[in-house]
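The values are calculated or read from the model by the stated rules, or taken from the named source; none is laboratory data. As the structure is a computational prediction, the values presented were derived from the model and not from experiment. Backbone-built Cβ (ideal geometry, glycine too); neighbour counts: all protein chains shown. Note: areas computed on protein heavy atoms with side chains; ligands, DNA, RNA excluded. Shrake-Rupley method; radii C 1.70, N 1.55, O 1.52, S 1.80 Å.
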Amino acid sequence: MKKKIFVCLAISFLFSTMLMGQAEQTSRQNFPRQEVSLSYGDVLLAISPIYDERGTSFYPNHNWFAPNSYSGDEISPGAFSLSYMYALKKWLWLGVSTTYTSFYQNIYDFSHQKIATDSGHKLAVIPMIRFMYVNKEKLNLYSAVGIGASFGLYNNAEYEYHAFSFHPVIQFTGIGVSVGKQLRGFAELGCGPRGIFNCGIQYRFGK
């Protein structure tokens, strides 16, 4: 009788241990591993293809081949980013970020009439690694870093020529905060093509 009780207790203990192990493994794996995000950032540190090709617009008559014209200020609608990330672990995410930025600069004659608009376009593609140091279900704090490449196109409307540029870029996110569940809002402070400050939405899926 004692042997039967002992065997039953042993079987119950092993069964309970197996269930606890499966539950723990499920809890570790039961979180969204994929994420897509859209964001908007500033261009305070961006160097435009117009600047790369022509120099600064603070010296209006810097174009020696057009002494009867001058350049206005460069303007940009901002930096737009699309990213994809995958979680190797809850605290470690890998992915890629792409950022598109455009710049425009009006050219005037000395009667202050606009005669052309030059434009510059940049696309940065950056593999990223993200480290989560606060990882709650509805709140994340993280940092991220990546090294990639930026491709630029300069269009000179006045003389109808184009120029291409390429250079390496670094994206560093000092601190980022993400709030929500599957559909989340986020904001980041850092430096790079995404801007000093950028914010947007994330969608997490897949388990």
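Sparse packing (at most 12 other Cβ atoms within 10 Å of the Cβ) combined with a DSSP loop state is found for the following chymotrypsin sites (Phe, Trp or Tyr not before Pro) in the stretch 82-146: 110.
Ranked from largest, the principal axis spans of the Cα set of the stretch 102-155 equal 61, 23, 13 Å. Applying the criteria of a DSSP loop state and at most 11 other Cβ atoms within 10 Å to the GluC sites (Glu not before Pro) of the stretch 125-161 yields 137, 160. Net charge of the neighbourhood of residue 126, taken over other residues with C-beta under 14 Å away and scored Lys/Arg +1, Asp/Glu -1, is +2. Sorted largest first by accessible area at a 1.4 angstrom probe radius, with every protein chain in place, the residues 90, 138 fall in the order 138, 90.
What the stretch 142-207 shows is 52 Å² of accessible area per residue, with the surface traced by a 1.4 Å probe over protein heavy atoms.
Work through the residues other than residue 37 whose Cβ is under 15 Å from its Cβ and net out their charges, Lys, Arg +1 and Asp, Glu -1. If you can, show how the numbers build up before the last one.
On the way: positive: 33, 130, 181, 184, 194, 204; negative: 35, 188.
Charge balance in the 15 Å sphere: +4.
Scaled to the globular estimate 2.2 N^0.38 Å, the Cα spread of the stretch 122-207, given as radius of gyration, is 1.40. Each Lys or Arg adds one and each Asp or Glu subtracts one; over the other residues with Cβ under 14 Å from the Cβ of residue 143, this totals +1. Distance distribution P(r), the stretch 135-177, all Cα-Cα pairs, bin width 5 angstrom from 0: 6, 15, 15, 11, 12, 11, 10, 8, 6, 4, 2, 0 percent.
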